[in-house]
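Worksheet: one structure, shown below.
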Amino acid sequence: MATIASKRRTGASRQRTSTHEGFLTHRKGRWLKISALLAVALIALYIFVPLPGQHFGSTWLGYTLGTIGALLILWLTMLGVRKRAITPGRWSLKAWTSAHVYLGLLLIVVGTLHSGFEFGWNVHTLAWGLMMLVIVSGMFGIWVYATLPRALSDNRYDEDGAITEKQMVEALRSIDRQIHDAAQPLDSEAAALVNRSLEEDPFAGSFWNRLTGRYPRDATRSAASGLRQMRANKPRVADDPIEKVDALLTRKEAMLARMRRHLKLKSWLQAWLYVHVPVTFALIAALSAHVVSVFFYW
Amino acid sequence: MSEVYKVAIIGSGPAGMSAASRAAARKLDHVLLEKSGHLSDTIFKYQKGKHVMATPSQLILRSDQDFDAGKKEDILDKWTARTADLGVNVKYNAEVKSIRGTGPAIEGSVQKIVTRARDGSSTTTEVQRFAPPYAIELTSGETVMAENVVLAIGTQGNPNLMRCPGSDLPHVTYQLDDPYAILDEHIIVVGTGDAGIENARGLAEDSAQGNVVTVLNRAPKSTNVRESFPTAKEPNAKALVEDDAIGKLAIRYETETKAVEPGWITLATRDGEERIRCDRIIARIGSAPPRGFVEGCGIEFASADRLAFPTLSPSFESTAPGIFVIGALAGYPLIKHCMNQGYDVIEFISGNTDLKPADEPLLEAKFADLPGRKSVNEWLELLRGNIAILDGMTALQMREFMLDSDARFYKKGETIFEKNAPGSSLFAIADGSVHVRIDPNDSSKVVPIPKGSIFGEVGLISGRRRGATIVAAEDCICVEISRNAALKLQSQVPTAKRAIERISTERQLLQMFGSGLSSDDVREVVDTAKIMQVRAGEPVITEGADDKDVFVIRVGSMIVEKDIGGKPVFLSYLPAGSYVGEMALIDGGQRTATVRAAIKSEVIRIDGEAFRRVLDAKPALLERARNDMEGRRRTNAFIESKKDGFSGVVDLYSEQAKFLVAQGLGEATDVLLIDERLCVGCDNCEKACADSHDGLSRLDREAGKSFAHLHVPTSCRHCEHPHCMADCPPNAIHRGPDGEVFINDTCIGCGNCQRNCPYGVIRMDKVPPKKPSLLNWLLFGNGPGPGEPPYKWSKKNTKYTGDPQVDEALDRKKAIKCDMCAGIEGGPSCVRACPTGAAIRVSPDEFLTVARLENEGA
């Protein structure tokens, strides 16, 4: 039917891609394969290389594994710098993330083999424990990164297409203005109820509220239910202003719920880093202690 | 009525005022007519405190008035004072209604004015020109007599008027000074642009005013305000819709005025006519360019093109003897140009014919590097004489043309441009000849282009990269014509337009179908080819039709759709430079798919029979076409086979493609796309962008539309024909070596590009101060950290010097947009800095392919 004009590119310093490829499948799982191979090789070495029975850590293989592990930890930490240092060059943060994820998982093997499965109540096992905590929090991070973006995206869609966080806030403000106008004829008791909903900050609430998405003392919901109770005791009239306000409050509740779902998902996408990063620093401290102490005692 | 002035100047903008000042300084008997109550109405209405720029800086100002960059108010004050000092005879509130000669009829000087109605029909009126002196009739009924008239009225024009019965009644108005002064009225606002919306909202803002405001909108109601209010800014339209929702005012969709009578208005609605109360009508339906008025004065325009300017002599005299046209109306929108012309035109009128134009030094510099010592005029003559497309130009047009163009000398063997280099300029050969390299690896395979001809037209027309390398075949002189100059040339000189079209059609065919063809082979095809404009969404080929024509996409892009199971399914995307429609020609039978324009496009329609004959004569070409066709056919078959098993996926793929086209991908060359299934919302793309470019982010990740997990953020698409470039006074927007559209340092911050960009990707902002280094932040917490610094921090850390000039520069807002990280090794930072691979930058032809369907799991 037709012929597309031939591709013309200068072949500048930029790498071109034509589809989206996530960090987990980067280059068809290049780092997954590398890490898996390394893990298998290291385990094989551990099993088949004959070494003196005691203090595996001080054997040549132990030292090698330890050095690899320590350097790997430092390199993995450097992701935080790489992410922020936007220097020129043909690097891709996605490739770094991919390597970070799989080499980080490899660290389970490296670190644990290095321990020679000798655990106790000492600084060495503390370093191992912290390392595992970082890795586990990282695994949780992978799960969050792999699943929540889709939910975050789904939550943004309605029948008219996707809306942004800013638009959600705008929509809430617009409903608030309408509630304000519609509530003018209400008596003072009802107006006070409505006012509490209007004064409520959509971003209010504790970190816990955010993470759970539960807001037990929500002013909008209590205003709506309060109004309904009031109306139940009154004779029915046509064009009841309470009814109009109630309808608007219901709309606000729905929008507020969507906004809170949005905030909840966003919080989860970040919350795990509050464990992952500080514990990393604790790990580096413990690791230093471990390195210094082994040179003293062994 | 008794006095006949030597010269009457109409319009007191920079051009008119400068002319009047010269006339006053020369003690010439003159009058300056200004329709408003003050000088320079256009500049007067600029927003308060606007910084007015004095570009181009290399142009020398020659005027009795001073002009330097500065605040609008200061400039106007200076002009007003100087005008009074010089004793300029200004007549304020003098709006001109008509200008006619009172002398004898000029024999053989008849102007034909063609007016086109909305329905496409046209009527021609003939105006007999009369000799001066001219009678200038004012709207007040007064008449001013003058031997010479200088028209310096700019291009703003007058408001469009309503045309229904009763529209001449006094309560039909076209402006609103103070909306709060109107009480207890039924008001109809016609027009849903920003002006109409602002008026309507002002009138209804305070319900205590008691106004009943109705806004008439011709468009149907839609949840997308961009559709229902296409000419308004989005926030304005949204606010209006909101006011309508809460009952402050009423919007009537799909409604027009039918008739007006005192106290009432009859509306034509979708459901029939309706008569409602109406005490006042405010019509804000745009303004008409002053062309009608100008033509009525006997002044001829260079062509029927909307962009055309009046035909002028080197001394600015129009086709009506004694009427001179200067300033923006003559095609010179910059203040300095205007002021110089004001000076010049009075000198010419007073008989100083030796005056060298103020642009003489600029042109001298342009020709300085060429061999052979010639004067500017000799060079201009040489170019006009040798280059076929410049033949129809006047001396004045040549000067203006050369200001935007460059004449260059190339030694034998020197490369003029390389294949795949970006560039939208046109080249013309003034002397010597050039070779087109057909084979990049074999420099002996060349096609000559002779003296007088042009090359580079593909870049000019399609906005795509250069198709071939051009090398000087002997020592030669070429003129590089910038895109703007080339467009102006085509609108001014119709013969040039036709010549360029013909050459470009022929070359495009030859280039597309390979080297086996010569221009003789395709002569018949070129002769029968027609260039057609296609509106967005309009089909050029309809599935099931029996026609046999072949189409070459010259500008814009097309999408191919096939009806499968009652639904149009997207098959492929065709960028400019592709051809389509050969399948039916080669195989016979009906059209197998529909091809429609993704955006406003231009195609070359090639007669099927003529093309068939070329194919028959050239079996190699037929073979190639068959091969090309085979790929297409496989795509069709693939999609049709997938449709049964994975109809959901095919639907999604198809819908997504349509969504992307609706987002302007049809004119994009490189667009940022975010896969929402991968995006964690870290905004590292924005931070990276800010950190790569002076601390200002040029993209807004969250803003922009999404469809089926695909998000098109607010970021530049680097359009084929960038809208932002259309109206840049200092010509600061260019296309760079990697195809990026960027704004250089000469930006004056006027905001035209921001307004012209349909995708809202340009922001006006000042550059924040430099941040402490990343390490400094990481280790000591100094500075605001990665990304765009907060406004407060920037404000606090801007180091003002106390020197008003330096401080002004620190505070000056400039246009900021994506430059695709040109010159930064590794390419776009936003993509490199995405931790999950959600952000990619692609060209639409790379992305909109069937491969995508396979990746989606079909």
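The values are calculated or read from the model by the stated rules, or taken from the named source; none is laboratory data. None of these values were measured; they are calculated from a predicted model. Here the Cβ positions follow ideal geometry from the backbone for every residue, glycine too, while neighbour counts run over all protein chains shown. To get the accessible areas, we keep the full protein, side chains included, count just its heavy atoms, and leave off ligands, DNA and RNA. Shrake-Rupley method; radii C 1.70, N 1.55, O 1.52, S 1.80 Å.
Just a few scattered comments:
- Where helices (runs of 4 or more DSSP H) fall wholly inside the stretch B:478-542, the ranges with 2 or more residues that are touching a residue at least 60 places away in the same chain (Cβ under 8 Å) and under 21 Å from B:Ser433 (Cα atoms) are B:494-513.
- Checklist (1) under 30 Å from B:Glu378 (Cβ atoms); (2) open to solvent by less than 60 Å² (accessible area, probe 1.4 Å); (3) not polar (S, T, N, Q); (4) not in a loop (DSSP other than H, G, I, E, B) applied to B:Pro448, failing item: (2)
- Qualifying residues in the stretch B:1-39 (those that are within 17 Å of B:Ile99 (Cα to Cα), assigned to a loop (DSSP other than H, G, I, E, B) and among the charged types (D, E, K, R)) - the one least open to solvent (accessible area, probe 1.4 Å): B:Glu34
- Restricting the stretch B:402-419 to residues that are surrounded by 19 or more Cβ atoms within 10 Å (Cβ to Cβ) and either closer than 21 Å to B:Ile503 by Cα or not assigned by TED's automatic domain parsing to the domain that holds B:Val493 (or both), the residue that is farthest from the chain's Cα centre (by Cα) is B:Ile416.
- Filter result (in contact (Cβ under 8 Å) with a residue 40 or more places away in the chain and either open to solvent by 70 Å² or more (accessible area, probe 1.4 Å) or in contact with a helix residue (DSSP H, G or I) (Cβ under 7 Å, 6 or more places away or on another chain) (or both)) within the stretch B:348-369: B:Pro357, B:Ala358, B:Asp359, B:Leu362, B:Leu363, B:Lys366, B:Phe367, B:Asp369
- Test: residue in the stretch A:23-39 that is within 8 Å of another protein chain (Cβ to nearest Cβ) and either at pLDDT 95 or above or under 26 Å from the mean Cα position of the chain (by Cα) (or both): yes
- Among the residues making up the stretch B:370-393, a single one is charged (D, E, K, R) and either crowded, with 17+ Cβ neighbours inside 10 Å or touching a His at 6+ places or on another chain (Cβ under 7 Å) (or both): B:Arg384.
- Scanning the stretch A:216-244 for residues that are open to solvent by 80 Å² or more (accessible area, probe 1.4 Å) and in a loop (DSSP other than H, G, I, E, B) yields A:Pro216, A:Arg217, A:Asn233, A:Lys234, A:Pro235, A:Arg236, A:Val237, A:Ala238, A:Asp239.
- Where a residue in the stretch A:73-89 is more than 8 Å from chain B (Cβ to nearest Cβ) and its partner, wherever it lies, is part of a helix (DSSP H, G or I) and of a type in the set (Gly, Ala, Ser), with Cβ under 8 Å and at least six apart: A:Leu76/A:Gly104
- Per-region count, the stretch A:20-54, residues surrounded by 14 or more Cβ atoms within 10 Å (Cβ to Cβ) and part of a helix (DSSP H, G or I): 13
So that you can scan it fast, the table gives a plain yes or no per residue for (1) within 14 Å of chain A (Cβ to nearest Cβ); (2) part of a helix (DSSP H, G or I); (3) hydroxyl-bearing (Ser, Thr, Tyr); (4) under 18 Å from B:Thr528 (Cβ atoms):
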| residue | (1), (2), (3), (4) |
| --- | --- |
| B:Asp563 | yes, no, no, no |
| B:Ser572 | yes, no, yes, no |
| B:Gly577 | yes, no, no, no |
| B:Met583 | yes, yes, no, no |
| B:Ile586 | yes, yes, no, no |
| B:Arg612 | no, yes, no, yes |
| B:Leu621 | yes, yes, no, yes |
| B:Met629 | yes, yes, no, no |
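- Within the option set A:Gly104, A:Gly57, A:Gly66, being closer than 28 Å to B:Ser829 by Cβ, assigned to a helix (DSSP H, G or I) and assigned by TED's automatic domain parsing to the domain that holds A:Ala289 holds for one residue only, A:Gly104.
- Scanning the stretch B:455-480 for residues that are in contact with a Phe, Trp or Tyr (Cβ under 8 Å, 6 or more places away or on another chain) and closer than 11 Å to B:Ser425 by Cβ yields B:Phe455, B:Gly456, B:Arg466, B:Cys478, B:Val479, B:Glu480.
- Criterion violated by B:Glu676 - all others in (1) under 30 Å from B:Ser697 (Cα atoms); (2) away from chain A (no Cβ under 12 Å) satisfied: (2)
- Residue ID - most open to solvent (accessible area, probe 1.4 Å), chosen from residues in the stretch B:723-746 that are more than 14 Å from chain A (Cβ to nearest Cβ) and assigned to a loop (DSSP other than H, G, I, E, B): B:Asp745
- Of the residues examined, B:Arg677 is not one that is farther than 30 Å from B:Glu501 by Cα and surrounded by fewer than 18 Cβ atoms within 10 Å (Cβ to Cβ).
- Tally of residues being of a type outside the set (Val, Ile, Thr) and open to solvent by 10 Å² or more (accessible area, probe 1.4 Å) across the stretch B:598-610: 6
- For the stretch A:172-215, a tally of residues being of a type in the set (Phe, Trp, Tyr) and assigned to a loop (DSSP other than H, G, I, E, B) returns 2.
- Of all the listed residues (B:Val569, B:Val550, B:Val555), the sole one being touching a Leu at 6+ places or on another chain (Cβ under 8 Å) and either crowded, with 16+ Cβ neighbours inside 10 Å or not acidic (Asp, Glu) (or both) is B:Val550.
- Number of the exception - B:Ala308 against (1) touching a residue at least 24 places away in the same chain (Cβ under 8 Å); (2) small (Gly, Ala, Ser); (3) out of contact with any helix residue (DSSP H, G or I) (no Cβ under 8 Å at 6 or more places or on another chain): (3)
- Filter result for A:Ile163 (closer than 30 Å to A:Leu45 by Cβ, within 11 Å of chain B (Cβ to nearest Cβ) and open to solvent by 20 Å² or more (accessible area, probe 1.4 Å)): no
- The selection criterion, being small (Gly, Ala, Ser) and within 14 Å of chain B (Cβ to nearest Cβ), holds for A:Ala247.
- Residue count for the stretch A:84-132, restricted to those that are touching a Phe, Trp or Tyr at 6+ places or on another chain (Cβ under 6 Å) and hydrophobic (A, V, I, L, M, F, W, C): 2.
- Residue identified as more than 8 Å from chain A (Cβ to nearest Cβ), among the hydroxyl-bearing types (Ser, Thr, Tyr) and in contact with a helix residue (DSSP H, G or I) (Cβ under 8 Å, 6 or more places away or on another chain) among B:Tyr800, B:Tyr791: B:Tyr800
- Residues of the stretch A:82-121 that turn out to be within 18 Å of the chain's Cα centre (by Cα), closer than 20 Å to A:Thr280 by Cα and of a type outside the set (A, V, I, L, M), as a count: 8
- Filtered residue count, the stretch B:643-700, keeping only those that are outside any helix (DSSP H, G or I), among the small types (Gly, Ala, Ser), more than 29 Å from the chain's Cα centre (by Cα) and closer than 14 Å to B:Pro713 by Cβ: 1
- No other residue among B:Met558, B:Met583 is touching a residue at least 24 places away in the same chain (Cβ under 8 Å) and either more than 25 Å from B:Phe659 (Cβ to Cβ) or aromatic (Phe, Trp, Tyr) (or both) apart from B:Met583.
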